[in-house]
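Structure first, then comments.
The values are calculated or read from the model by the stated rules, or taken from the named source; none is laboratory data. Here the structure is a predicted model, which means the values were calculated and not measured. Every residue, glycine as well, gets a Cβ built from its backbone with ideal geometry; the counts of neighbours run over all protein chains shown. The area values use the complete protein model at the heavy-atom level, side chains included, leaving out ligands, DNA and RNA. Shrake-Rupley method; radii C 1.70, N 1.55, O 1.52, S 1.80 Å.
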Amino acid sequence: MTVFSFPVDTPGIDIHRIELVNGSMEFCQEFLTDVVVSDRDRIGGVDAGWDVVTRWLYHERTISGGSKYVTGRGSRPNDGPYDARAMLDTARRLGTVDDGPTRALIGEAHTLSLVMRALVGAVTEKMASGALPNHAAAMLRLFSGTMNVRRATVAMELSGRQGVAWPAGDETFERIGVGYLARQVACIVAGPPRWHAT
């Protein structure tokens, strides 16, 4: 496998934006038809594409594992309505803050955030010391995606019908509802922009 990087306006490249359920158009599909690629556009050695891609993935996993996420108009859930304090405020608004199941859900979401923070610290430290290989960053990516899907689901469960049909202008419930619809994006989003391996 050899990796090439070239301008998106190269003749033969056709780009189609993909609109997500939340209105975001950050994703696209690219079609290459009879594209002529020069050797000067090659990244790394011939047949050394795996090394290049592995390094890209290392950076993707490290960055996305420890970053904040956007919700609503973006593509990934963020701490906003998924933060334990925000969930408590939502429960207070709905009059469910004293319910055992509500508190259990808020505790679960908070625990997931604490585990993520600890995991990022531990994996980053061990990778820096050489105790873990760079590929260990995949653990951060995997847990991050799983955590954000679950936190979006918890926020929706707490919101009930308000998360499905929110009052006009209620940004909190809108973010929860739209974030829930786009929750799986957290598992697949990110990656090197517009690279192609052959």
Original post:
Quick check: anything in the range 116-129 at pLDDT 85 or above, within 30 Å of residue 93 (Cβ to Cβ) and not in a loop (DSSP other than H, G, I, E, B)?
Top reply: yes
Subject >> Filtered residues of the range 9-21 (kept if under 30 Å from residue 181 (Cα atoms) and part of a loop (DSSP other than H, G, I, E, B)) >> reply: 19, 20, 21
**OP:** Filter the range 100-148 down to residues that are open to solvent by 60 Å² or more (accessible area, probe 1.4 Å) and hydrophobic (A, V, I, L, M, F, W, C) and give me whichever is nearest to the chain's Cα centre (by Cα).
**Re:** 142
Subject >> In the range 149-186, residue nearest to residue 18 (Cα to Cα) [restricted to those that are open to solvent by less than 30 Å² (accessible area, probe 1.4 Å) and not in a helix (DSSP H, G or I)] >> reply: 182
**OP:** Could you look through the range 27-66, keep only residues that are modelled with pLDDT of 90 or more and of a type in the set (D, E, K, R), and pick out the one that is surrounded by the most Cβ atoms within 10 Å (Cβ to Cβ)?
**Re:** 42
Original post:
Can you name the condition, by its number, that residue 132 falls short on among (1) more than 28 Å from residue 180 (Cα to Cα); (2) in a helix (DSSP H, G or I)?
Top reply: (2)
Original post:
Which one of these does residue 24 not meet: (1) polar (S, T, N, Q); (2) in a strand (DSSP E or B); (3) surrounded by 14 or more Cβ atoms within 10 Å (Cβ to Cβ)?
Top reply: (2)
